[in-house]
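**Q** Below: one structure in structure tokens.
Read-outs throughout are calculated quantities, based only on the coordinates presented, and are distinct from any laboratory measurement. Model, not experiment: these values are computed from the prediction. Because the Cβ atoms are built from the backbone with ideal geometry, glycine has one as well, and the counts that use them run over all protein chains shown.
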Amino acid sequence: MAPALSVTALRKSYGRTTALGGVDLEIGAGELVGLLGPNGAGKSTLVKIACGLVRPSGGRAEVCGAPAGSREARRALGYLAELFRFPGWARAEEVLTLHQRLAGSNGGAAERAELLGLVDLLHARDRRVEAMSKGMQQRLGLAQALIGGPRLLLLDEPTSALDPVGRRMVRELLERLRERGVAVLLNSHLLSEVELVCDRVAILVDGQVVAAGRPSELVHAGGVEIETAGGVRRFAQASREQVPELVEGLVRNGERIFGVRLVTSSLEEAYLDAVGDQQEGAA
């Protein structure tokens, strides 16, 4: 089976400005990949090329084996833009009906009911958009992106307007989609959300991938903390394998042990390291 998204040596220039300078990225079926980077890094350009909204200057982008922008590629993907707008007078049911027609979906009322249920809006199917909270509109946008059963979902800041409960609902939805084999490219500035849900991340800076891998691969060990009756003892250079020896030594010296914690950096710290190193190199 072809990858859900395959990007090879992808380049895009706007006049003298280079938005993408040769990006390679692949997303397999059912894989959740976070796309990270500062403003102007090229993230939105990459997503728009995948959607067929922007033509690349060079390289190749394919969706489920079809050239990005082709009819076959468009049928295989769903897209939620960051700054989307639905007509305020339209009801939730009408919004989905319109997008079913635009997408050529014949799912009808059953599909609309399933998608509204997935995003917890079935009770608001007859509510007008203008009467919805921002969070409800965001969830309606997610339902719209899932019309037609896409194999690849492109999400641009999908949790930006949601409260913690809404963000958890989106995480659970993405996990269910992964079980169904739907691939997701998640463009987000909420690094804690990306770390919780994504299988891999790619960090873009100035149109280049400067770091990529599983979140656990990008973070680094920061030693060991052992909670004792006398307070927390920190061993900055210690590894996981040294924990039994450390505990044994403390107990031998009369310490009472209450807990042990392996210290690692967060994805946010790994991101700041990657972005900072790249920007310092360009300065």
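**Q** Seen from all sides and averaged, what is the projected area of the convex hull of the Cα atoms in the stretch 88-148, in nm²?
**A** Mean projected area of the Cα convex hull: 3.5 nm².
**Q** If you don't mind, there's one more thing I want to ask. So if the hydrodynamic radius of the stretch 14-118 is defined as the Kirkwood radius over C-alpha pairs, what does Stokes-Einstein give as its diffusion coefficient at 4 °C and 1.567 mPa s, in µm² per second?
**A** Calculated translational D: 80 µm²/s.
**Q** While we're here: Would you please give the residues with an amide H less than 5 Å from that of Ala19, counting only those at least 5 places away or on a separate chain, with H modeled from the backbone geometry?
**A** Result for Ala19 returns Lys12, Ser13, Tyr14.
**Q** Now for a separate question. Set the Förster radius R0 to 25 Å, insert the Cβ-Cβ distance between Arg180 and Thr8 as r into 1/(1 + (r/R0)^6), and round the FRET efficiency to 0.05.
**A** Approximately 0.40, to the nearest 0.05.
**Q** Would you kindly state how much longer the chain becomes between Val263 and Arg60 on full extension, computed as 0.36 nm times their sequence separation minus their alpha carbon distance, in nm to one decimal?
**A** 69.0 nm
**Q** Which FRET efficiency, nearest 0.05, do Asn253 and Glu82 yield, Cβ-Cβ r, R0 51 Å?
**A** Efficiency computed from Cβ-Cβ geometry: 0.35.
**Q** Could you tell me which helices of the chain pass both thresholds, a Cα extent of 15 Å or more along their own axis and a mean Kyte-Doolittle hydropathy of at least 0.0, with helices taken as whole DSSP H runs?
**A** Result, helices passing both filters: 92-103, 108-118.
**Q** Another one. Count the net charge of all other residues whose Cβ sits under 10 Å from the Cβ of Arg151, scoring Lys and Arg as +1 and Asp and Glu as -1.
**A** Net of charged neighbours comes to +2.
**Q** Once Rh for the stretch 219-282 is found with the Kirkwood sum over Cα pairs, what is the Stokes-Einstein diffusion coefficient at 10 °C and 1.306 mPa s, in µm²/s?
**A** Using the Kirkwood radius from Cα pairs, D works out to 119 µm²/s.
**Q** Short version: what are the Cα gyration tensor semi-axes of the stretch 122-206, square root of 5 times each eigenvalue, largest first, in whole Å?
**A** 23, 16, 12
**Q** Along each of the three principal axes of the Cα atoms of the stretch 131-175, give the extent in whole Å, ordering the values from largest to smallest.
**A** 28, 24, 15 Å, listed from the longest principal axis down.
**Q** For a distance above 15 Å, tell me the whole-number percent of Cα pairs in the stretch 1-58 that qualify.
**A** Across the stretch 1-58, Cα pairs with separations above 15 Å total 50 percent.
**Q** Kindly work out what percent of the DSSP beta bridges joining two residues of the stretch 5-217 are antiparallel, to the nearest 5.
**A** Among the beta bridges of the stretch 5-217, antiparallel pairing accounts for roughly 55 percent.
**Q** How long is the chain along each principal axis, judged by its Cα atoms, biggest number first, in Å?
**A** In descending order, the Cα extents are 74, 49, 36 Å.
**Q** Now for a separate question. Among residues other than Phe86 whose Cβ falls under 13 Å from its Cβ, what is the net charge (Lys/Arg +1, Asp/Glu -1)?
**A** +3
**Q** Enter the per residue convex hull volume of the stretch 169-283, computed from alpha-carbon coordinates, in Å³ rounded to the nearest integer.
**A** Considering the Cα atoms of the stretch 169-283, their hull volume per residue is 157 Å³.
**Q** FRET efficiency for Gln237 and Ser192, Cβ-Cβ distance as r, R0 = 30 Å, nearest 0.05?
**A** Taking R0 as 30 Å, the efficiency between Gln237 and Ser192 is 0.65.
**Q** Hey, can you grab everything whose amide H is under 5 Å from the amide H of Leu32? Only 5+ residues off in sequence or another chain; H modelled, so Pro and N-termini drop out.
**A** Those lying under 5 Å, H to H, from Leu32 are Val184, Asp199, Arg200.
**Q** Suppose the Debye formula is applied to equal point scatterers at every Cα of the stretch 40-183; what is log10 I(q)/I(0) at q = 0.10, 0.11, 0.15 Å⁻¹?
**A** -0.34, -0.41, -0.77
**Q** Let me know the longest stretch in the chain that avoids all trypsin sites (Lys or Arg not before Pro) found in a DSSP loop with at most 11 other C-beta atoms within 10 Å.
**A** 86-179
**Q** What distance in nm lies between label points placed 7 Å from Cα along the C-beta direction at Leu102 and Ser216?
**A** So the two model labels end up 4.0 nm from each other.
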